Amino acid sequence: MNSSIDIAISNLTSVSVLVFFLGLIAGAIKSDIKMPEQIYQFIAIYLLFGIGLKGGVSLRETGIVEALIPILATIALGITIPFLAYVVLGRIGNLSSVDRGSLAAHYGSTSLVTFTAALVYLDNNQIAYEGFATTLLTVMEVPGIVVGIFLAKRHLGPVGDWVESLKEIFLGKTLMLLVGGLFIGYVAGSEGYGRVEPFFVNLLPGVLALFLLHLGYLAGERWKSVLEVSKGLIAFGTLFPLAMGTMGTVVGSLIGLSVGGSVILGILSASASYIAAPAAVRVALPKANISISITTSLVITFPINLLLSIPLLTLLAQNL
């Protein structure tokens with residue numbers, strides 16, 4: 001998969017992309033295939049814990065010392081990206097500081113599903129990546145949300161909102177399952193993990209496909225809401241992730257990550273949260289228009305990352 005054409009075809013004809021489009025069409029025409037909430041929550045738990053578990057095993061084999069510089073670089077990106085988002089958003093529309101901070105929090109955080117789709121894509125194309133990739137996902141989850149909220153209410157807001165928001169971030173299922181899975185995988189090692197590996201590894205592509213079907217349906221349901229946001233926000237949701245993904249990929253290459261590792265850092269930088277961030281922002285910024293953030297991150301940015309960012313960042317990493 002060395003040529004750009006091969007990479008593009010591989011991505012566009014992958015099950016992940018095709019099933020997302022199926023969900024997108026189904027949602028747009030109001031087909032009755034929407035996933036029940038209980039199944040959606042089960043799949044989210046499965047993905048979060050399974051990725052954390054595998055990451056913990058790999059981190060033990062790789063060693064924490066080797067992951068230290070990438071972790072520090074990831075934290076730096078997690079702080080920088082929401083600042084950049086906040087500044088850019090101030091130049092493209094009449095958004096309030098609260099809504100700019102809300103969007104910055106969403107774009108500073110990460111998307112589990114985009115990350116998982118990138119892993120499946122790299123595995124399918126036999127592109128190796130570092131074992132501590134899940135650690136980077138976990139590390140970037142928090143700073144972006146905190147910085148975005150800080151930017152929105154740096155002059156306002158009672159301390160209580162901060163406390164409740166931090167509780168939502170650290171005690172929510174995203175971090176709890178990722179960190180818990182990392183710890184259990186690290187302690188259990190490859191021998192202990194081997195007993196549950198068939199469930200968490202062999203089933204992953206199929207379970208991810210169902211999750212993408214659901215997200216495609218949600219995006220299809222909301223497609224008309226894109227018409228309600230400004231052209232500036234549409235441009236932001238399209239171009240900002242590509243720019244941040246490029247920055248993350250270049251940083252990954254500069255700090256010595258493999259091609260796959262650089263792609264993963266790029267995808268983490270490009271992605272926007274629509275699970276952890278909305279929950280935290282609702283608590284900390286009750287006056288924020290969450291629908292703007294969810295529409296921009298899920299309906300615009302997520303498909304862009306799934307269709308374009310993954311193959312383009314792979315091509316970039318291969319040529320750095």
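The values are calculated or read from the model by the stated rules, or taken from the named source; none is laboratory data. Everything numeric here is computed off the predicted structure, so don't read it as measured data. Using ideal geometry, Cβ is built from the backbone for each residue, glycine included, and neighbour counts are taken over all protein chains shown.
Val207: surrounded by fewer than 24 Cβ atoms within 10 Å (Cβ to Cβ), over 18 Å from Tyr129 (Cβ atoms) and modelled with pLDDT under 80, yes or no? When the stated conditions are applied, Val207 does not pass them. Could you list all residues from segment 178-214 that are of a type in the set (S, T, N, Q) and free of Cβ contacts under 8 Å to residues at least 60 places away in the same chain? If the condition is that a residue be of a type in the set (S, T, N, Q) and free of Cβ contacts under 8 Å to residues at least 60 places away in the same chain, then Asn202 is the only one that fits. Counting only helices (runs of 4 or more DSSP H) that sit wholly inside segment 7-106, those with at least 2 residues that are without any contact (Cβ under 8 Å) to a residue 24 or more places away in the chain are 37-62, 64-92.
Please tell me if Tyr217 is more than 21 Å from Gln41 (Cα to Cα) and in contact (Cβ under 8 Å) with a residue 60 or more places away in the chain. Working first, answer last.
On the way: more than 21 Å from Gln41 (Cα to Cα): no; in contact (Cβ under 8 Å) with a residue 60 or more places away in the chain: yes.
No.
Among the residues of segment 51-62, is any among the charged types (D, E, K, R) and within 18 Å of the chain's Cα centre (by Cα)? Talk me through it step by step, then tell me what you get.
Here is the first cut: in segment 51-62, the residues among the charged types (D, E, K, R) are 54, 60-61.
Right, trim to within 18 Å of the chain's Cα centre (by Cα) and you get 54.
Yes: one or more hits.
Can you name the residue in segment 57-79 that is more than 16 Å from Ser273 (Cβ to Cβ) and polar (S, T, N, Q) and is also surrounded by the fewest Cβ atoms within 10 Å (Cβ to Cβ) among such residues? Top of the filtered list is Thr62.
Condition check: at pLDDT 80 or above and over 30 Å from Val281 (Cβ atoms). Does Gly181 satisfy that? Break it down stepwise before answering.
On the way: at pLDDT 80 or above: yes; over 30 Å from Val281 (Cβ atoms): no.
It is false that Gly181 is at pLDDT 80 or above and over 30 Å from Val281 (Cβ atoms).
Counting only residues that are hydrophobic (A, V, I, L, M, F, W, C) and part of a loop (DSSP other than H, G, I, E, B), segment 273-320 holds 4 of them.
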